[in-house]
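Trainee: For reference, the structure I am asking about is given below.
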Number of protein chains: 2
Amino acid sequence: MEIKGFSTSAVAAGIRYKDRLDLGLIYSNVPAVTAGVFTTNQVKAAPVIIDQDRLRQGRAQAILVNSGCANACTGVKGMENANITSSLLATRLKIDEKMVLLSSTGVIGEQLNIGAFRSAMGKLVEGLGEDNFDSVARAIMTTDTFPKVVSRVVTIGGQEVKFMGMAKGAGMIMPNMATMLSFVITDAQISFPELHDSLKQATDRTFNRITVDGDTSTNDMVLVMANGTAENAWIDEDNPIDKQLFQDTLEGVLKELALQIVNDGEGASKCITIRVCGARGEAEAEQIARTVANSPLVKTAFFGEDANWGRIFAAMGRAGVRFDPSRVDIAFGDVVIVRDGLAVGPDAEKAATKLLKEKNITVCIDLKDGTDCEEIYTCDFSLDYVKINADYRS
Amino acid sequence: MEIKGFSTSAVAAGIRYKDRLDLGLIYSNVPAVTAGVFTTNQVKAAPVIIDQDRLRQGRAQAILVNSGCANACTGVKGMENANITSSLLATRLKIDEKMVLLSSTGVIGEQLNIGAFRSAMGKLVEGLGEDNFDSVARAIMTTDTFPKVVSRVVTIGGQEVKFMGMAKGAGMIMPNMATMLSFVITDAQISFPELHDSLKQATDRTFNRITVDGDTSTNDMVLVMANGTAENAWIDEDNPIDKQLFQDTLEGVLKELALQIVNDGEGASKCITIRVCGARGEAEAEQIARTVANSPLVKTAFFGEDANWGRIFAAMGRAGVRFDPSRVDIAFGDVVIVRDGLAVGPDAEKAATKLLKEKNITVCIDLKDGTDCEEIYTCDFSLDYVKINADYRS
């Protein structure tokens, strides 16, 4: 798929490794309405600080993204380097430097390899074309094992509106307001407040519901550029129906990308949905689901294909949320293994164990205490998770 | 060492496995002043509920402890079974059933093997002697690789006062008010309020400062029995100096046991102290230290002997505590690797990497924002952690 007015490019700039795509560019030939959400980690990478400042204008034309170096914990020099890269690109593209957004991922605490950016910038801009979206998704990979892209077409305001999204991420994943990196482009004609609001809500229900290891990155961001070339009737405050449709579609794109991240969680062999129902509030349901999803003992049991509901129960109990253990039901898929706080029996456990051999597993926890439900998406904790992370920098 | 008036016994009762010590008894031939602290997990095992009730009287004579079954998430039947075991023991010992405290560790969600208790109780009581303390410490092991015992002698109130402590624990370790299981006996003559207060304070600074995997168990407890046979001047509210000495000694015993637990953390190859200084409050220092200590990415980097301070910085940033990243210093041992938020350089990193080959590692984080310091003790996250926990029930 292509979206009118957008072009993309990716090159192997040699930022950290040789002969590996590591520098990507997403470009809109007109200023696009652009919104972003960013990491809540107090330690913010240079590109995050710069983008938050530039996005006050609600417009952008280019996203320059690199892997191999996070440009985080790099101080004044890191900010200077980031500004040099956006200036290099702005000059080539003949646009205002403030219209360039930056994004980086990779090792924390090292300075950007500016020489590599300088040498590659010409080739990067010359390479702009309509078919490189997947290559950019590949250029932002670090420990990811596959590029993550999604596209959608919907009719909004009488016009066909397109969405293309990409994401990267496999470790240091427990986004809070955003995830590792995700970029979405669309030709929708939408005003900034509606775009920003849609992005925030969609992110809360998608990227903010996944966790691989409970670690929130310093570089998380989701950016959406809407260049308006679909010429649909403007989506603004007077147009709530179109806004809802836009938001639902955006949420669908982000959710699919989020699940791709969990699916590619470092060393993951299982995709697990922890659903908590019957809670007295959404925040309480989410808190319990998140505590279970982050428990190393629960995650290693899934890796071992062990229907170890005792560990789930123990994690629930330390979540800081009041509930009555003697009312709790726990099911793996449609197999109820705990009813009213007690084991159902060996047959149920046998059926649950069989179900654990599948790749996708849903755990349903019913507190029977209220009507609110929430889901958190995660993966198991495998030998490969430890191997990958004991070796990542070496 | 022996303590007058206390005797101990351990047998292989076959509760879960054959021919493995799994049932232990600590007995005082006079009612001992006894205090306990217990798990804050909302899901509490039957023995925890029973002991909390019985300890209102501040006196006990026996602790009956088993491994192989946690008697947690076992409902009304679990409570009935626990009461049967204490009744069996009380009859044999000819003491009031309320003077028996219970403690269990092992798999969650299974009922106690009451038959094994019945058959073994006679032999257990007949075996009471002064030399079995280490055997009891062995009987309470689950995934522990060594028994954990500590002894101390101090002079309090003109008399030699003895302490003997034991603990078990290797996984599901992030105690909150207590740890897995620990029992301390002493011949000190001390009143209940002073004993309880000393235990609470000592636990807060020792067991509540360790974490293996961030999971708080359903069965955690620390019990201290003081039978007064040392005939020291009573330690009570009129005797603050002796109380301080008692408390310091108890804290020393608990700290050594706590560090033994970290040292035996499931699959652990390193013992790591995370010290946070220069904070604006102890709670803030502890919160940052705990977040770093529980980060799977930090723990796998230690396993990989990688001086990956970027992950430490990223974990600090998501701890929910305000600090200025540009003032932070981070040192591994005496090697400062980050100064004022920036990498010191390759020589420092090389020196730090060398230091990481040691078994005991201290990470010092200075926020330069205040005067408060706290420490958390943890271990690394290894391939064996995953292997042990993927296999534990099978």
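The values are calculated or read from the model by the stated rules, or taken from the named source; none is laboratory data. Treat the numbers as computed from the prediction; the structure is a model and nothing was measured. Note: ideal-geometry Cβ built from the backbone for every residue, glycine included; neighbour counts use all protein chains shown. For the accessible areas, the whole protein counts, side chains as well, though only heavy atoms, and no ligand, DNA or RNA atoms are used. Shrake-Rupley method; radii C 1.70, N 1.55, O 1.52, S 1.80 Å.
Trainee: Hey, among the residues in region B:68-83 that are under 23 Å from B:R138 (Cα atoms) and open to solvent by less than 10 Å² (accessible area, probe 1.4 Å), which one's nearest to the chain's Cα centre (by Cα)?
Mentor: Of everything passing the filter in region B:68-83, B:A70 is nearest to the chain's Cα centre (by Cα).
Trainee: For region B:13-28, state whether one or more residues are in a loop (DSSP other than H, G, I, E, B) and in contact with a Pro (Cβ under 7 Å, 6 or more places away or on another chain).
Mentor: Taking every residue of region B:13-28 in turn, none turns out to be in a loop (DSSP other than H, G, I, E, B) and in contact with a Pro (Cβ under 7 Å, 6 or more places away or on another chain).
Trainee: For the condition open to solvent by 40 Å² or more (accessible area, probe 1.4 Å) and either farther than 28 Å from B:K94 by Cβ or polar (S, T, N, Q) (or both), what is the one hit in B:D197, B:D144?
Mentor: Of B:D197, B:D144, the one residue that is open to solvent by 40 Å² or more (accessible area, probe 1.4 Å) and either farther than 28 Å from B:K94 by Cβ or polar (S, T, N, Q) (or both) is B:D197.
Trainee: Tell me, please, whether a residue that is in a helix (DSSP H, G or I) and open to solvent by 10 Å² or more (accessible area, probe 1.4 Å) can be found in region B:263-276.
Mentor: The answer is yes; a qualifying residue exists.
Trainee: Right, something else. Among the residues of region A:327-335, are any farther than 19 Å from A:T378 by Cβ and either in the same structural domain as A:S198 (by TED's automatic domain parsing) or among the small types (G, A, S) (or both)?
Mentor: Taking every residue of region A:327-335 in turn, none turns out to be farther than 19 Å from A:T378 by Cβ and either in the same structural domain as A:S198 (by TED's automatic domain parsing) or among the small types (G, A, S) (or both).
Trainee: List every residue pair whose Cβ atoms sit under 8 Å apart, with the two residues 6 or more apart in sequence or on different chains, where the first one lies in region B:97-121 and is within 14 Å of chain A (Cβ to nearest Cβ) and the second, anywhere, is hydroxyl-bearing (S, T, Y) and assigned to a strand (DSSP E or B).
Mentor: B:L112/B:S104
Trainee: Do the conditions hold for A:V298, that is, is it more than 14 Å from chain B (Cβ to nearest Cβ), surrounded by 20 or more Cβ atoms within 10 Å (Cβ to Cβ) and not in a loop (DSSP other than H, G, I, E, B)?
Mentor: No; evaluated as a whole, the condition is false for this residue.
Trainee: I'm told A:G281 meets every condition in (1) within 25 Å of B:D391 (Cα to Cα); (2) away from every other protein chain (no Cβ under 11 Å); (3) open to solvent by 10 Å² or more (accessible area, probe 1.4 Å) except one. Can you identify the failing condition by its number?
Mentor: Tallying (1) within 25 Å of B:D391 (Cα to Cα); (2) away from every other protein chain (no Cβ under 11 Å); (3) open to solvent by 10 Å² or more (accessible area, probe 1.4 Å), A:G281 fails exactly one: (1).
Trainee: Run B:T353 past the list (1) within 13 Å of chain A (Cβ to nearest Cβ); (2) free of Cβ contacts under 8 Å to residues at least 60 places away in the same chain; (3) open to solvent by less than 40 Å² (accessible area, probe 1.4 Å); (4) not in a loop (DSSP other than H, G, I, E, B) and report the number of the one that doesn't hold.
Mentor: That leaves (3) as the condition not met.
Trainee: Return a yes/no flag: does region A:324-337 have any residue that is of a type in the set (F, W, Y) and either under 16 Å from A:A307 (Cβ atoms) or open to solvent by 60 Å² or more (accessible area, probe 1.4 Å) (or both).
Mentor: Among the residues of region A:324-337, at least one is of a type in the set (F, W, Y) and either under 16 Å from A:A307 (Cβ atoms) or open to solvent by 60 Å² or more (accessible area, probe 1.4 Å) (or both), which makes the answer yes.
Trainee: Hey, another quick one. Mind counting the residues in region A:84-107 that are modelled with pLDDT of 95 or more, more than 16 Å from A:A120 (Cα to Cα) and not aliphatic (A, V, I, L, M)?
Mentor: Total satisfying the criteria: 4.
Results for (1) of a type in the set (S, T, N, Q); (2) in the same structural domain as B:L223 (by TED's automatic domain parsing); (3) open to solvent by 20 Å² or more (accessible area, probe 1.4 Å), shown as yes or no for each residue.
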{"site": "B:T85", "(1), (2), (3)": "yes, yes, no"}
{"site": "B:A90", "(1), (2), (3)": "no, yes, no"}
{"site": "B:L102", "(1), (2), (3)": "no, yes, no"}
{"site": "B:E110", "(1), (2), (3)": "no, yes, yes"}
{"site": "B:N113", "(1), (2), (3)": "yes, yes, yes"}
{"site": "B:F117", "(1), (2), (3)": "no, yes, no"}
{"site": "B:A120", "(1), (2), (3)": "no, yes, no"}
{"site": "B:G127", "(1), (2), (3)": "no, yes, yes"}
{"site": "B:N132", "(1), (2), (3)": "yes, yes, yes"}
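Trainee: Let me ask something else about it. Just name the residue that is farthest from the chain's Cα centre (by Cα) out of those in region A:284-295 that are open to solvent by 10 Å² or more (accessible area, probe 1.4 Å) and within 12 Å of chain B (Cβ to nearest Cβ).
Mentor: If we take residues in region A:284-295 being open to solvent by 10 Å² or more (accessible area, probe 1.4 Å) and within 12 Å of chain B (Cβ to nearest Cβ), then A:T291 is farthest from the chain's Cα centre (by Cα).
Trainee: If you don't mind, another one. Is there a residue in region B:191-204 that is among the charged types (D, E, K, R) and at pLDDT below 80?
Mentor: Yes - at least one qualifying residue is present in region B:191-204.
Trainee: Shifting gears a bit: Going by the conditions given, is A:V321 closer than 22 Å to B:V43 by Cβ, at pLDDT 90 or above, open to solvent by less than 30 Å² (accessible area, probe 1.4 Å) and not assigned by TED's automatic domain parsing to the domain that holds A:I210?
Mentor: Against the criterion (closer than 22 Å to B:V43 by Cβ, at pLDDT 90 or above, open to solvent by less than 30 Å² (accessible area, probe 1.4 Å) and not assigned by TED's automatic domain parsing to the domain that holds A:I210), A:V321 qualifies.
Trainee: Another one. Taking B:T155, is it among the polar types (S, T, N, Q), open to solvent by 30 Å² or more (accessible area, probe 1.4 Å) and not in a helix (DSSP H, G or I)?
Mentor: So B:T155 fits the description; yes.
Trainee: Does region A:121-143 hold any residues that are part of a loop (DSSP other than H, G, I, E, B) and of a type in the set (D, E), and which are they?
Mentor: Answer for region A:121-143, where residues must be part of a loop (DSSP other than H, G, I, E, B) and of a type in the set (D, E): A:E130, A:D131.
Trainee: Within region B:356-393, how many residues are open to solvent by 60 Å² or more (accessible area, probe 1.4 Å), within 12 Å of chain A (Cβ to nearest Cβ) and either part of a loop (DSSP other than H, G, I, E, B) or in contact (Cβ under 8 Å) with a residue 40 or more places away in the chain (or both)?
Mentor: 3
Trainee: Hey, another quick one. Please specify each residue of region B:301-327 satisfying the condition of being over 29 Å from the mean Cα position of the chain (by Cα), part of a helix (DSSP H, G or I) and more than 7 Å from chain A (Cβ to nearest Cβ).
Mentor: Result: B:R327, single match.
Trainee: Something else: Which residue pairs have Cβ atoms under 8 Å apart, sit 6 or more places apart or on different chains, and have a first residue in region A:230-251 that is in the same structural domain as A:V30 (by TED's automatic domain parsing) and more than 22 Å from A:T206 (Cα to Cα) and a second that is open to solvent by 50 Å² or more (accessible area, probe 1.4 Å) and in a helix (DSSP H, G or I)?
Mentor: A:D236/A:P193; A:E237/A:P193
Trainee: From the list B:G317, B:G341, pick out the single residue that is of a type outside the set (D, E, K, R) and on the phi > 0 side of the Ramachandran plot.
Mentor: Answer to the selection: B:G341.
Trainee: Here's a follow-up. Output the residue which, of all residues in region A:207-243 that are of a type in the set (A, V, I, L, M) and assigned to a loop (DSSP other than H, G, I, E, B), is surrounded by the most Cβ atoms within 10 Å (Cβ to Cβ).
Mentor: Checking each candidate, the answer is A:V212.
Trainee: Here's something else I'd like to know. Name every residue in region A:228-272 that is out of contact with any strand residue (DSSP E or B) (no Cβ under 6 Å at 6 or more places or on another chain) and aromatic (F, W, Y), in order of residue number.
Mentor: A:W234
Trainee: Tally the residues that are part of a helix (DSSP H, G or I) and within 14 Å of chain A (Cβ to nearest Cβ), restricting the search to region B:68-91.
Mentor: Count: 7.
Trainee: Scan region B:203-220 residue by residue and report those that are acidic (D, E) and more than 14 Å from chain A (Cβ to nearest Cβ).
Mentor: B:D204
Trainee: Do you know which residues across region B:29-67 are surrounded by 24 or more Cβ atoms within 10 Å (Cβ to Cβ), more than 18 Å from the chain's Cα centre (by Cα) and assigned to a loop (DSSP other than H, G, I, E, B)?
Mentor: B:V43
Trainee: For A:R118, are the conditions met, namely being farther than 30 Å from B:V338 by Cα and outside any strand (DSSP E or B)?
Mentor: no
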